[in-house]
1. Picking from B:Glu145, B:Glu151, which residue would you name as being modelled with pLDDT of 85 or more, in contact with a Phe, Trp or Tyr (Cβ under 8 Å, 6 or more places away or on another chain) and closer than 30 Å to B:Ala82 by Cα?
2. Looking at B:Ala42, B:Ala107, B:Ala20, B:Ala24 in this structure, which one is within 17 Å of B:Arg120 (Cα to Cα) and surrounded by 12 or more Cβ atoms within 10 Å (Cβ to Cβ)?
3. Could you grab me the full set of residues in the range A:1-18 that are farther than 15 Å from B:Glu163 by Cβ, part of a loop (DSSP other than H, G, I, E, B) and of a type outside the set (Ser, Thr, Tyr)?
4. Just give me the residues in the range A:74-98 being facing chain B (nearest Cβ under 9 Å) and of a type in the set (D, E, K, R), in sequence order.
5. Determine the pairs where a residue that is at the interface with chain B (Cβ under 9 Å from one of its Cβ atoms), located within the range A:14-30, has a partner that is surrounded by fewer than 16 Cβ atoms within 10 Å (Cβ to Cβ) and at pLDDT below 95 with Cβ atoms under 7 Å apart, the partner being 6 or more residues away or on another chain.
Amino acid sequence: MSYRVTVQPHVGRKIAGWGLSDGVLVEVWINLREVLPTAPTMFLRRASEPFDGMNFEFWMVDPENRFRVHSFAFQAVYGQDEETILIVRGAYMRREGV
Amino acid sequence: MGINTIGRISQRQLRTLEEALEAAHGDGEDSWKDEKRRSAAARDLRRIVRLCLRIPETLNDLVDSSIDHLMAHLIDDREETAREVREEFNRGQRILTRVIELIEKFAAHGDSIQGTDELRDASERAKRREAEFFDFWPRPLTAEEFVEAQEAIQRGEGIELDEAFAQIAGVDRETWLRRVEERKRARKA
């Protein structure tokens, strides 16, 4: 079963503020839209009990600069319908020469 | 697992430095009345300044390594790692403050040691890096945030990813999805 992943509007605004290139932005979309929903139990890591928050972290080398690494940490919750995952927080860090 | 190997090396370096400074403090300013001792202490202090200017790099290593381990899903307890990283940033700031104080005390005895501006700059750089790290590092949702998220789902407030990313990219949904397909094709090529 594939989940439906959505983002809270403030998370969308935050991602927009990261100033990602198109290439990196597409990779973020692929991770959230195609990787995560297919196997959320594999990719989401449980945060502290009892609030059931989940973490989804991934990184990538910049497609145009191999010395630049982009790291992403998203936090999500499952809906009670057990079909929806809502991204409630997102964080990003760009590092050079790592 | 909390802090990792590089983290432990950074931790050890900072702790050793702090312990050495505490021991030096134990020697007391009285010994500086003797000119030879004061001169030797001043030379040591210059070396300590050089070591302390590396503190932001040591903390950077700790940050980079912690993030790499987070990305590799090798950290079981994120909060424990966050506490340990915070502790090392605090330690770094204590050391920098202590060395600046020592330089000022030497100045009061008539010995000029260069480096306070650089140490203050190192302190500011470390503070910025600390803020970046904690802005990034996941913290658990509070009970209120969790309930709020559940209510948002029930109200249907979440935006579909195709729509959200099209907005972020400043294009319509169809253009965005074409862009995704082009990128996928380029990856395969």
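1. After applying the criteria, what remains is B:Glu145.
2. That would be B:Ala107, the only listed residue that is within 17 Å of B:Arg120 (Cα to Cα) and surrounded by 12 or more Cβ atoms within 10 Å (Cβ to Cβ).
3. Once the filter is applied, which keeps residues that are farther than 15 Å from B:Glu163 by Cβ, part of a loop (DSSP other than H, G, I, E, B) and of a type outside the set (Ser, Thr, Tyr), the range A:1-18 yields A:Met1, A:Trp18.
4. Hits for the range A:74-98 are A:Asp81, A:Arg89, A:Arg95.
5. Hits for this filter: A:Gly23/A:Glu64.
Let's see how each residue does on (1) closer than 25 Å to B:Arg8 by Cβ; (2) out of contact with any helix residue (DSSP H, G or I) (no Cβ under 9 Å at 6 or more places or on another chain); (3) more than 14 Å from chain A (Cβ to nearest Cβ):
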{"site": "B:Arg43", "(1), (2), (3)": "no, yes, yes"}
{"site": "B:Cys52", "(1), (2), (3)": "yes, no, yes"}
{"site": "B:Asn60", "(1), (2), (3)": "yes, no, no"}
{"site": "B:Val63", "(1), (2), (3)": "yes, no, no"}
{"site": "B:Asp68", "(1), (2), (3)": "yes, no, no"}
{"site": "B:Met71", "(1), (2), (3)": "yes, yes, no"}
{"site": "B:Ile75", "(1), (2), (3)": "yes, no, no"}
{"site": "B:Ile95", "(1), (2), (3)": "yes, no, yes"}
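The values are calculated or read from the model by the stated rules, or taken from the named source; none is laboratory data. Note that the structure is a prediction, hence the values are computed from the model and not measured. When we count neighbours, we look across all protein chains shown, and the Cβ atoms used for this are built from the backbone with ideal geometry, even at glycine.
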